[in-house]
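Each remark here refers to the structure printed beneath this line.
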Amino acid sequence: MRVSTLTQVILIVLAVVIVTAIGVGAWFYRYTVTPVGGSDKTVAVWIKPGQGFFETIDQLQGLGLIRHPERFRWLAYLKGLERRVRAGEYALSASMSPQQILETLVHGETVVHKVVVAEGATLARIGELLERAGLMSKQAFVRAATNPDVAAALGLEGTTLEGYLFPETYHFFKGVTPGGVINKMVAQFRSVFTPAWAQRARAMGLSIHEVVTLASIVEKETADPRERPLIAAVFLNRLKRKMRLESDPTVIYGLKSFDGNLTQRDLKTLTPYNTYRIKGLPPGPICNPGRASIEAVLFPADAPYLYFVSKNDGTHHFSRTLAEHNRMVRQYQLRRH
């Protein structure tokens with residue numbers, strides 16, 4: 001009788017334990033799969049390199065993404081994931097369950113920032129794009145991109161990275177450094193400027209730096225892709241004849257400030273980039289040219305033109321002689337005033 005009673009007690013205790021365990025398990029499971037709220041509005045969460053798991057939990061709770069941090073901690077411990085959270089920027093929402101949030105942090109499903117660098121963008125403009133994307137300050141990028149030591153370390157002839165930050169659509173993670181951006185953009189430039197192009201430049205008697213510099217001027221002089229080989233031909237013809245390039249965009253680049261109105265005073269101001277005053281090419285590129293402008297310099301049109309003037313419709317009139325050019329200036333430019 002006693003044995004039977006003891007057995008019954010044990011069975012009852014076991015039953016209570018099992019029921020309790022099932023209840024606790026169900027209760028904990030509900031926590032792991034139940035979101036804090038229904039809003040799917042994402043919140044940017046930046047997990048710094050070396051950040052502790054406790055700090056991460058406090059951060060998630062502070063952003064309203066989880067409740068009951070001790071339960072979230074136990075979830076990670078039971079799965080053995082507390083040391084596997086990866087640094088990076090994440091887009092999380094209150095509509096995600098604690099389990100989904102933990103898995104996102106462990107799998108490293110970080111936010112990728114798309115940065116579109118247009119043809120003809122200057123390094124200052126690229127800095128603005130990076131700052132707008134929240135990746136770094138414009139000042140930090142420009143400081144790195146204008147550091148002669150950085151250019152030298154990359155084996156570039158210029159003293160800045162202007163011209164070698166190839167226009168393209170890039171994808172960066174938060175935490176990327178100015179050096180990381182520069183390395184990626186210069187690598188893209190080198191993938192485009194092939195050894196065959198370098199050989200073509202040598203055959204023309206030009207260095208890669210001179211090609212890129214001239215391509216940057218071509219890039220700024222016309223928005224019409226069909227005109228690029230003609231614009232390049234004009235400048236190459238002028239260089240051969242020891243004529244000044246007289247390019248307005250180079251003057252603008254050399255000014256400390258520009259309000260959109262290029263004056264006669266600006267044209268007379270001596271700077272290293274004022275091609276109305278200096279002979280030959282400026283010391284370096286005035287923007288970052290795209291593939292088409294570089295190709296236009298390497299394979300220019302076979303044309304005898306020495307001058308061109310805007311027709312005010314996005315295209316230009318090309319002339320062989322100064323007399324013809326002056327007539328076209330009167331026709332297309334002076335009539336506007």
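The values are calculated or read from the model by the stated rules, or taken from the named source; none is laboratory data. For clarity, every value in this text was computed on a predicted model and none was experimentally measured. All Cβ positions, glycine included, derive from the backbone under ideal geometry; neighbour counts span all protein chains shown.
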Can you tell me which residue among Lys220, Lys242 is free of Cβ contacts under 8 Å to residues at least 60 places away in the same chain and of a type in the set (Lys, Arg)? Lys242
For Val106, state whether it is in a loop (DSSP other than H, G, I, E, B) and in contact with a Leu (Cβ under 6 Å, 6 or more places away or on another chain). no
Exactly one of Glu162, Glu219 is of a type outside the set (A, V, I, L, M) and part of a helix (DSSP H, G or I), and that residue is Glu219
Restricting attention to the range 292-318, which residues are in contact with a strand residue (DSSP E or B) (Cβ under 8 Å, 6 or more places away or on another chain) and either under 15 Å from Leu206 (Cα atoms) or not hydroxyl-bearing (Ser, Thr, Tyr) (or both)? Ala303, Leu306, Phe308, Val309, Lys311, His316, His317, Phe318
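So that you can scan it fast, the table gives a plain yes or no per residue for (1) more than 32 Å from the chain's Cα centre (by Cα); (2) under 15 Å from Pro300 (Cβ atoms):
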residue	(1), (2)
Ala233	no, yes
Met243	yes, no
Ile252	no, no
Ser257	no, no
Arg265	yes, no
Is it fair to say Thr222 is assigned by TED's automatic domain parsing to the domain that holds Glu295 and at pLDDT below 95? yes
Take the conditions surrounded by 15 or more Cβ atoms within 10 Å (Cβ to Cβ) and part of a loop (DSSP other than H, G, I, E, B) and apply them to Leu60. Does it pass? no
Enumerate the pairs (first residue in the range 287-314 and aromatic (Phe, Trp, Tyr); second residue anywhere and surrounded by fewer than 22 Cβ atoms within 10 Å (Cβ to Cβ) and assigned to a loop (DSSP other than H, G, I, E, B)) with beta-carbon separation below 8 Å, excluding pairs fewer than 6 apart on the same chain, so at least 6 apart or on different chains. Tyr305/Arg320; Tyr307/Arg320; Tyr307/Thr321
What about Ala44, is it in contact with a Cys (Cβ under 7 Å, 6 or more places away or on another chain), touching a residue at least 40 places away in the same chain (Cβ under 8 Å) and of a type in the set (A, V, I, L, M, F, W, C)? no
Conditions (1) assigned to a loop (DSSP other than H, G, I, E, B); (2) modelled with pLDDT of 95 or more; (3) surrounded by fewer than 17 Cβ atoms within 10 Å (Cβ to Cβ) -> Ala292 fails only (1)
Anything in the range 303-332 that is farther than 18 Å from Asp224 by Cα and not in a helix (DSSP H, G or I)? List them, or say none. Pro304, Leu306, Arg320, Thr321
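One line per residue, one yes/no per condition, for (1) under 25 Å from Ala124 (Cα atoms); (2) charged (D, E, K, R):
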{"site": "Cys287", "(1), (2)": "yes, no"}
{"site": "Arg291", "(1), (2)": "yes, yes"}
{"site": "Ala301", "(1), (2)": "no, no"}
{"site": "Asn312", "(1), (2)": "no, no"}
{"site": "Phe318", "(1), (2)": "no, no"}
Residues Val211, Val251: which one is in the same structural domain as Phe299 (by TED's automatic domain parsing), out of contact with any Ser or Thr (no Cβ under 9 Å at 6 or more places or on another chain) and in a helix (DSSP H, G or I)? Val211
